[in-house]
Amino acid sequence: MTSQQNHIILNPSYCESLTEYKRRKTITVNIGDVPMGSDYPIRVQSMTTIDTMDTMGSVEQTIRMIESGCEYVRITAPSIKEAENLGNIRRELRLRGYTVPLVADIHFTPNAAELAARLVEKVRINPGNYADKKRFETIEYTDVTYQAELERIREKFIPLVKICKEYGTAMRIGTNHGSLSDRILSRYGDTPLGMVESALEFLRICEDMNYYNIVISMKASNTQVMVQAYRLLVQKLAEEGLKPYPLHLGVTEAGEAEDGRIKSAVGIGTLLEDGLGDTVRVSLTEAPELEAPVAQALIDRYTRRAENAKPIKPITINHTETLLNPYQYFRRHTHEVVNFGGQNVPRVIADFSQVSDVQMEDLKSIGHFYLPLLDKWKMNDLGADYIYAGKQPIPFMVANGSRQILDATTWQAIDDKLNTYPLFNGLDYLQATEKHPELNFVTLTYKEWQPEFIQLLKSDTTIVLWIKTENAHAMAALRRLFFFLLEEKITCPVVLRRDYQENEENTLLYASTDAGGLLIDGLGDGILLGTEKAHQASKEDLLKKLSFLNQTAFGILQAARTRMSKTEYISCPSCGRTLFDLQDVTAMIRKRTDHLKGIKIGIMGCIVNGPGEMADADYGYVGSGVGKITLYRGQNVVKKNVPSDKALDELIELIREDGRWNEVEAIEA
Ligand code: SF4
């Protein structure tokens, strides 16, 4: 670790403050009559899924999207004919009184971009494929041959910039982690720096031509890569003296339902917390009108954030060994306490403290199943690691591999102290006469950072801290507590705890943002989504809530790439190029493969962009013609044009050949 990296932590050039919410200042970009950036609200947008040649279908879908909250609507233009039809779609919308700015989505076809830039308010180009065809080649460049490549891009790109200037059309330079050019991959690799450089190659040409009506994005389906790339972009723009352009935030191929929402919130929310982002597109494998409300819910948290948040003490660290880097994943160094910290995956704690009269079957809600015939417990892949029972000890042996946590006063009164662990309230731990020899949980708030406690944290290797906050700027407040630990070189593991009173949809998004934002930065060794605020609910409702919170906790860990406990689906949101019904096909594939823990399956609607966009998937199921599927192992084609009714069986066969298939295990007796 160099002092420069430490400098990055304390004075990050990607955001104004790590403790105070401040939205990044950007230039204004004019997109029709809905400007973006500077002091304008963070905008919501989405993309149509209907064939662009279906004018009325596209118009109807666009209207549904506007009504659901979209402020810009993107439509794919894979060739000249679709680009031309954007004019008809726009005309019909205007006739019906809708002035929403339209955005043409371009891949590979500069001629379609040049036409669309004359017809709609904004053009999105992908710098990975605007001037390059993907051949998956590694090319050795000298500085001279690299420069010659940049000249070639310049020639291809300048006509579009001139048209945008002439027509007042905005542009998004939209980098995708999965579709970087062979040139970028050869020189920078599959990295956040490669993504940033991919956009900068095009941006420098724009600035040379005094064209600044630009928005930039750095999307990836890997949330760590995505967050790092956006942060690095902001830093590089400042470093090179380029303008502070507005940012379009998105996680590509996030998937569907809860998993898609969690993954989007982890990636997008982390950046919003840092004050980055001027427009949000949530990509779900669902109808596009379902995306805007999710984007809006993420954004709404920040409209009054600065006024509602309590002040947080600024960060000062006077040593240089702190391992934390916002541009590269490092997990905070911790020592191991039982199975917390060290090399262990982050743990999930289920909060049963509000449930009275706990029965064996109640634990199904957190993935623990009692099999009476065998008289034993079985846990599924989402089985909580610990059960916090508060003041009400669970009256039976819990599953092997999971443990019970009790409030310290209750724990002191029970007989079997060795197989349960106590939870102490902050400073009470200092006075406690009886402690567990291996593991003591201790809650700590901001106010309790007293010198004697700091000394204890340095010397007592049995402590796992629970940190929580009521501050509206929760992620920053909890991160501040981690900085106290880093400052004092304290290496005890830490559990992130937070209670939410919101409905399920918002709890899912908020928890994913607050905890995910920390986990992405390598902070946190466990997670507890509490039920304290649900104490008046019926037992049935509490168990439902526990089931939801347990799945959410595992989902957050998976989305932040810190613990893989289920199959990961990287499915595209679909667009006018899609060759099959993505929702139906994803559901069909999920039904037969969702027990394959840790395997990543890409499900892509077309072969033009799909293979690139599924980035780091282990297997790919990609539409390659009507009723035809091409199967991939990583980035390599293994079976071409398989009839769609046989493709799933063939995919399973492929997984089987690799020795990664296992049969579903029935665990409910
Ligand atoms: S991969 Fe999906 S969203 Fe991307 S271009 Fe192809 S069909 Fe459209």
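The values are calculated or read from the model by the stated rules, or taken from the named source; none is laboratory data. The shown structure was predicted, so the numbers you read here are calculated from the model rather than taken from an experiment. Every residue, glycine as well, gets a Cβ built from its backbone with ideal geometry; the counts of neighbours run over all protein chains shown.
Being of a type in the set (D, E, K, R) and crowded, with 18+ Cβ neighbours inside 10 Å is the requirement here; does E140 meet it? Criteria not met by E140. Scanning region 274-287 for residues that are at pLDDT 95 or above, in contact with a helix residue (DSSP H, G or I) (Cβ under 7 Å, 6 or more places away or on another chain) and of a type outside the set (A, V, I, L, M), we see that the one that is farthest from C70 (Cα to Cα) is G277.
I'd like the full set of residues that are of a type in the set (K, R) and closer than 24 Å to I454 by Cβ, limited to region 490-549. R497, R498, listed by residue number.
Residue count for region 552-609 under the criterion of being within 16 Å of the ligand (Cβ to nearest atom), on the phi > 0 side of the Ramachandran plot and either in a helix (DSSP H, G or I) or surrounded by fewer than 22 Cβ atoms within 10 Å (Cβ to Cβ) (or both): the result is 0. Among the criteria (1) out of contact with any strand residue (DSSP E or B) (no Cβ under 7 Å at 6 or more places or on another chain); (2) under 20 Å from I520 (Cβ atoms), the one F340 does not fulfil is (1).
Scan region 535-568 for residues that are in contact with a strand residue (DSSP E or B) (Cβ under 6 Å, 6 or more places away or on another chain) and at pLDDT below 95 and the total you get is 1.
Has region 620-630 got at least one residue that is farther than 14 Å from V585 by Cα and aromatic (F, W, Y)? Scanning region 620-630, I find no residue that is farther than 14 Å from V585 by Cα and aromatic (F, W, Y), so the answer is no. Looking at region 563-589, I want the residues that are among the small types (G, A, S) and have a partner that is near the ligand (Cβ under 7 Å from one of its atoms) and not in a helix (DSSP H, G or I) with Cβ atoms under 6 Å, at least 6 apart or on another chain. Which pairs are those? Matching pairs, first to second residue: S574/G605; G576/T76. Has region 468-480 got at least one residue that is surrounded by fewer than 17 Cβ atoms within 10 Å (Cβ to Cβ) and either of a type in the set (V, I, T) or closer than 20 Å to H335 by Cα (or both)? No, the conditions are met nowhere in region 468-480.
The helices (runs of 4 or more DSSP H) located wholly in region 226-316 that include 1 or more residues which are out of contact with any Pro (no Cβ under 9 Å at 6 or more places or on another chain) and of a type in the set (V, I, T) occupy 257-264, 270-273, 291-300.
As a summary of the residue check, G342 satisfies the conditions (1) crowded, with 17+ Cβ neighbours inside 10 Å; (2) at pLDDT 95 or above; (3) not in a strand (DSSP E or B) except for the one numbered (1). Take the conditions (1) part of a helix (DSSP H, G or I); (2) under 26 Å from L298 (Cβ atoms); T49 misses just one of them, which is (1).
Considering only residues in region 39-70 that are free of Cβ contacts under 8 Å to residues at least 60 places away in the same chain and under 27 Å from the mean Cα position of the chain (by Cα), the one that is farthest from T578 (Cα to Cα) turns out to be D39. For region 590-608, filtering for residues that are touching a residue at least 60 places away in the same chain (Cβ under 8 Å) and of a type outside the set (A, V, I, L, M, F, W, C) leaves 5. Looking at A257, A292, A287, which is the one that is over 17 Å from I27 (Cβ atoms), in contact (Cβ under 8 Å) with a residue 60 or more places away in the chain and surrounded by fewer than 20 Cβ atoms within 10 Å (Cβ to Cβ)? Only one candidate qualifies: A287.
The set of residues in region 369-425 that are under 26 Å from F548 (Cβ atoms) and among the aromatic types (F, W, Y) comprises F369, Y370, W377, Y386, Y388, F396, Y421. Only one of the listed residues (G659, G627) is more than 30 Å from L373 (Cα to Cα) and within 16 Å of the ligand (Cβ to nearest atom). That residue is G627. Filtering V103, V44 for residues that are in a strand (DSSP E or B), β-branched (V, I, T), crowded, with 17+ Cβ neighbours inside 10 Å and out of contact with any helix residue (DSSP H, G or I) (no Cβ under 6 Å at 6 or more places or on another chain) leaves a single hit, V103.
Of all residues in region 596-619 being among the hydrophobic types (A, V, I, L, M, F, W, C) and touching a His at 6+ places or on another chain (Cβ under 9 Å), which is modelled with the lowest pLDDT? Of everything passing the filter in region 596-619, A615 is modelled with the lowest pLDDT.
This table checks each residue for (1) surrounded by 15 or more Cβ atoms within 10 Å (Cβ to Cβ); (2) free of Cβ contacts under 8 Å to residues at least 60 places away in the same chain; (3) among the charged types (D, E, K, R); (4) assigned to a helix (DSSP H, G or I).
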| site | (1), (2), (3), (4) |
| --- | --- |
| T630 | yes, yes, no, no |
| V638 | yes, yes, no, no |
| K646 | no, yes, yes, yes |
| D649 | no, yes, yes, yes |
| L654 | yes, yes, no, yes |
| G659 | no, yes, no, no |
